[in-house]
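Contents: one structure, followed by commentary.
Each value in this text was obtained by applying a stated rule to the coordinates, not by laboratory testing. Because the structure is predicted, anything quoted here is derived from the model rather than measured. Cβ placement follows ideal geometry from the backbone for every residue including glycine, while neighbour counts extend to all protein chains displayed.
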């Protein structure tokens, strides 16, 4: 439509310029606040980690702002401080608050039911949990979950509110989430969006069963279940067919807060059509870790820059590289691109860097990772050391004790750090040759053909 009024035309032009300026200002503010809010979130994760990462089984641990707890009264009051513990069986519902990095606060709650329903639930952000388990069954076996909508924020490091459930490795469990029977074997993230529950596979292979239908959930996939309005206790649709994971669901999620840290999967999966070698690096010259048999499904963690090698993870947890042309590919857009195998996420704060000596008589620090190498010093029981690296050939770690650097046997240390996240020090001397036993290696000793030898 033609604008005939010159004044109106100028007004529209001015409005357009103003909108562009405001938009540019908002983008600039968002970009500027992203690095500013990242340290605030890091502090929040670190405080929560220090308080709860080693929390006992059978308890709820509060790692952030005071959650709203039912029943009200002494039980609720007991969880108001960071690091507070309350037995799982005495809590009926939990409501954690939204993340607000500007004020260094937000809901972070761990739920660790004991056997026979052994799993860990981690609520990050605005998450409501209601225990709907029948009185004659173990508490928190059936849960109704609601997660809050993503708040408008200029913080580019802010994750979406989510509830993540995870089993100890190799210990599957059957629980119910929002009326869906979840055969949990690994790590699954749950979010509610409008009238849907999204189940996102992060590690392992789980199953969903509702309304007489079952679907398998693999890492890098998501399954949707529909509900009537906000009644998330009873699904009204079958579980959808698995879809490639929407990475926005898991972006910036603090995986180092999980009991078992993981590398987040990329959308989709790959499978072996024939036997395929799993290698230590993206090259046919790299060492073969194992040969994966036909018909195996693997989650994709990343790829190299040329896209001809995938960094993959087996259901057993083993990771390595596979030549992409040898695989059946069902992958989405892969954003994780690298040439060297990344280390898994390390714990936040000091617990990711320190260990405590547990040896009544003290422990000998060696110049290299074996008892045959020279003694550096003896470190007393209870001393704290800083973790630096791990050995390429033995269960030893390189440490710093009051400025003295050397190697300690891992068995003498107690730590919450993720040892696999420590870099490997390949500059250590090679392992010592085994001492030859007289008469071994096919030669008698002394030589019977040389009397007096």
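For this structure, a couple of remarks:
- Estimated 222 nm signal from helices in the chain, with DSSP H stretches of n ≥ 4 weighted -39500 (n - 2.57), rounded to 500: -4000 deg cm²/dmol
- Beta bridges per DSSP with both ends in segment 27-257, % antiparallel, nearest 5: 95 percent
- For the pair residue 372 and residue 248, label points projected 7 Å from Cα toward Cβ lie 5.9 nm apart.
- Anisotropy class of segment 268-331 from Cα gyration tensor, a/c 1.5 cut: rounded
- Under the criterion of Cα pairs below 8 Å and six or more residues apart, the relative contact order for segment 27-257 equals 14 percent.
- Residues 290, 85, 327, ranked from the fewest to the most other C-beta atoms within 10 Å, line up as 290, 85, 327.
- Relative contact order [Cα under 8 Å, 6+ residues apart], the chain, whole percent: 8 percent
- Gyration tensor verdict on segment 27-257 (Cα atoms; rounded if a/c is under 1.5, prolate if a/b is larger than b/c, oblate otherwise): oblate
- Distance from the alpha carbon centroid of segment 329-407 to that of segment 163-183 works out to 32 angstrom.
- Among 182-191, 94-103, 330-339, 155-164, the order from most to least packed when residues are scored by Cβ within 10 Å on average: 182-191, 155-164, 94-103, 330-339
- Ranked 214, 247, criterion: other C-beta atoms within 10 Å, fewest first: 214, 247
- The tail of the calculated P(r) for segment 130-248, taken as Cα-Cα distances beyond 19 Å, holds 46 percent of the pairs.
- Segment 268-331, relative contact order [Cα under 8 Å, separation at least 6], %: 39 percent
- Take every DSSP beta bridge whose two residues both sit in the chain; close to 95 percent of them are antiparallel.
- As a rough footprinting exposure proxy, the listed residues 232, 401 were ranked by other beta carbons within 10 Å of their own, and the order from fewest upward is 401, 232.
- Size of the chain from its Cα atoms: along the principal axes, largest to smallest, the extents are 118, 60, 52 Å.
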